[in-house]
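Colleague: Below are the structure tokens for one structure; questions will follow.
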């Protein structure tokens, strides 16, 4: 029963939402169309997601709170995380509850623009060094594929370098062709593969073959 009821709910709701993309008829005994019913279910999904975010925040507070109390390794970072989380929550709720208070809205905007955004940019800047290191390892010519990857990367970089155009006028043309033809073709192939994989996974969940969302494997 613990597994049958969730699987039945997933099947019914999933089939209902899937049917709403192809049909739109009035549900028997009501004045509600299929698309209106699907819209209501989607709204409920947003509400459930909001509760899930709240539950995740409580779990975050529990884990990092225990680390702070026991002063385990990295507890200072946990304290900063919790302080930042509560600061954004309090300021955000206050600014939303008082829409006419321009100072509260400005404070929240300043926290986002001058605290969150710079920290995010710093994190991505640090990731750039790891990307450069990974690129160096990938571009070493140890196989035919690595050689082709290195050649394409060099041509694209030369195509975007102003000095390369002075050396040979065809560098920008080749770089643009690699980006718009070869790169786009590969991206579309990956997108098609991801779409097929997503459809297969959704079908497995809908039919109850994949039960990972129930907290256990197949």
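Colleague: Tell me which residues, restricted to region 14-39, are surrounded by 11 or more Cβ atoms within 10 Å (Cβ to Cβ) and more than 17 Å from residue 199 (Cα to Cα).
Modeller: Scanning region 14-39 gives 24, 26, 27, 32, 33, 34, 35, 36, 37, 38, 39.
Colleague: Run down 41, 63 and say which single residue is in contact with a helix residue (DSSP H, G or I) (Cβ under 9 Å, 6 or more places away or on another chain) and closer than 19 Å to residue 205 by Cβ.
Modeller: After applying the criteria, what remains is 41.
Colleague: Which residue out of 135, 78, 57, 120 is surrounded by 12 or more Cβ atoms within 10 Å (Cβ to Cβ) and closer than 30 Å to residue 154 by Cα?
Modeller: Of the residues listed, the single one that is surrounded by 12 or more Cβ atoms within 10 Å (Cβ to Cβ) and closer than 30 Å to residue 154 by Cα is 135.
Readers should treat all values here as calculations from the given coordinates under stated rules, not as data from a laboratory. Bear in mind that the values here come from a model prediction, so they are computed numbers and not experimental data. Please note: Cβ atoms are built from the backbone with ideal geometry, for glycine as well, and neighbour counts cover all protein chains shown.
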